[in-house]
Amino acid sequence: SNRVEAWTRDVDFLLRQEGRPMVNLTGDRKHVRVMEADWRNTDKAVNWIKEEAINFTQPFVLYLGLNLPHPYPSPYAGENFGSSTFLTSPYWLEKVTYEAIKIPKWSSLSEMHPVDYYSSYTKNCTGKFTKQEVRNIRAFYYAMCAETDAMLGEIISALRDTGLLKKTIVIFTADHGELAMEHRQFYKMSMYEGSSHVPLLVMGPGVKEQQQVPNVVSLVDIYPTMLDIARIPVLQNLSGYSLVPLLRGRAENGVSPRGPRPSWVLSEFHGCNVNSSTYMLRTGKWKYIAYSDGHSVLPQLFDLTADPDELTNVAIKFPVIVHSLDKILRSIVNYPKVSSSVQEYNKRQFISWKQSLGQNYSNVIANLRWHQDWLKEPKKYENAIDKWL
């Protein structure tokens with residue numbers, strides 16, 4: 001579903017890709033282990049620390065990947081309709097202070113950026129949501145975060161119980177955030193803070209306590225950081241930079257043989273739920289988002305100090321800053337060329353997929369996540385694809 005939707009993002013149609021975001025309460029006040037698979041993996045990790053790691057004479061690396069606080073599949077919307085259910089139990093929900101939950105400002109559909117409108121539509125968020133629905137989605141998400149937090153607590157307790165905590169570095173991070181109804185969206189695939197600004201917490205020997213590092217850093221920095229911790233030479237051609245100097249509370253300048261870390265962070269996205277290749281450059285208080293070839297879709301510029309909720313695109317107001325940031329972005333990645341390659345790739349992949357199915361392709365699409373929309377007017381959508389091809 002994701003691939004077919006991403007390949008056809010340039011087709012002139014709108015089709016909902018996800019189930020409507022919703023909440024579901026399960027169990028009672030004693031129901032702690034809602035996400036059973038994650039708890040099983042946490043238990044495995046805890047047992048491994050207590051039974052194996054404790055006997056090692058060499059350093060170890062343990063990686064624990066959790067699915068929470070990712071929304072759950074939505075069976076109500078059909079087997080292939082994505083994950084749009086925020087699920088928790090009263091045990092976790094009671095830990096959330098409802099009154100403290102901020103309701104995001106929703107722009108009217110007519111004033112949304114065209115890429116945001118497409119994302120909101122494909123994510124099934126353009127319909128009417130009451131304030132209570134939005135508050136519930138956010139509350140359930142926070143409750144799911146609390147359950148995730150408890151799993152991390154189990155790992156830290158196991159390290160403490162075995163005496164390993166004082167000589168172990170713990171890194172907690174995520175691959176993306178959750179918009180949780182900000183900007184009329186849930187889920188990810190966006191350069192807004194809710195999606196692209198991820199948690200990064202580090203504790204352990206040599207890490208300065210209670211510090212908040214103001215530098216912008218990237219997930220590509222995790223690999224060289226782990227190499228640095230393990231005293232393995234960091235390859236010169238990596239994109240990332242070790243975070244160890246920052247974690248130790250030292251200035252970075254001149255620390256790396258490759259020179260100081262750049263003052264910017266780059267992110268790009270070419271997948272589903274977005275109808276254009278998207279590039280984000282984050283530096284200082286500015287976030288610059290460029291799309292496609294840089295001309296056919298207008299860019300966005302946000303001043304995160306003055307506008308932390310990213311509600312006001314100031315690209316037209318600050319043309320000099322846009323020009324300067326666009327120049328930096330183009331020096332890192334030739335984004336118009338990349339966007340063009342992605343468009344060609346999408347068309348090639350779709351044609352190959354369509355040919356492999358023969359005349360049956362429309363029926364197959366009707367049974368992917370789009371079936372609710374596609375089945376109403378299949379001819380209209382087939383014609384739109386023919387025109388695109």
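With the requirement that a residue be charged (D, E, K, R), surrounded by fewer than 20 Cβ atoms within 10 Å (Cβ to Cβ) and not in a helix (DSSP H, G or I), what does region 122-177 give you?
Across region 122-177, the qualifying residues are LYS128, ASP175.
Scan region 39-65 for residues that are farther than 19 Å from LYS166 by Cβ and either outside any helix (DSSP H, G or I) or in contact with a Phe, Trp or Tyr (Cβ under 8 Å, 6 or more places away or on another chain) (or both) and jot them down.
TYR63, LEU64, GLY65
Taking SER110 as the residue in question, decide whether it is assigned to a helix (DSSP H, G or I), touching a residue at least 12 places away in the same chain (Cβ under 8 Å) and farther than 30 Å from ASP228 by Cα.
It is false that SER110 is assigned to a helix (DSSP H, G or I), touching a residue at least 12 places away in the same chain (Cβ under 8 Å) and farther than 30 Å from ASP228 by Cα.
Sort out which residues of region 371-387 are surrounded by 14 or more Cβ atoms within 10 Å (Cβ to Cβ) and more than 16 Å from PHE350 (Cα to Cα), and write them in order of number.
Of everything in region 371-387, those that are surrounded by 14 or more Cβ atoms within 10 Å (Cβ to Cβ) and more than 16 Å from PHE350 (Cα to Cα) turn out to be HIS371, GLN372, ASP373, TRP374, LEU375, PRO378.
In the set VAL314, VAL342, VAL322, which member is over 16 Å from SER1 (Cα atoms), assigned to a helix (DSSP H, G or I), touching a Leu at 6+ places or on another chain (Cβ under 9 Å) and open to solvent by less than 30 Å² (accessible area, probe 1.4 Å)?
After applying the criteria, what remains is VAL322.
Please indicate, with yes or no, whether at least one residue in region 263-280 is modelled with pLDDT of 95 or more, open to solvent by less than 60 Å² (accessible area, probe 1.4 Å) and touching an Asp or Glu at 6+ places or on another chain (Cβ under 6 Å).
Taking every residue of region 263-280 in turn, at least one turns out to be modelled with pLDDT of 95 or more, open to solvent by less than 60 Å² (accessible area, probe 1.4 Å) and touching an Asp or Glu at 6+ places or on another chain (Cβ under 6 Å).
Taking SER356, is it open to solvent by 80 Å² or more (accessible area, probe 1.4 Å) and either in contact with a His (Cβ under 6 Å, 6 or more places away or on another chain) or within 30 Å of LEU389 (Cβ to Cβ) (or both)?
Yes: the conditions hold for SER356.
The values are calculated or read from the model by the stated rules, or taken from the named source; none is laboratory data. Remember, predicted model here, so these are calculated numbers, not experimental data. Methodologically, a virtual Cβ is constructed for each residue, glycine included, from the backbone with ideal geometry; neighbour enumeration extends over all protein chains shown. With ligands, DNA and RNA removed, areas are computed over all heavy atoms of the protein, side chains included. Shrake-Rupley method; radii C 1.70, N 1.55, O 1.52, S 1.80 Å.
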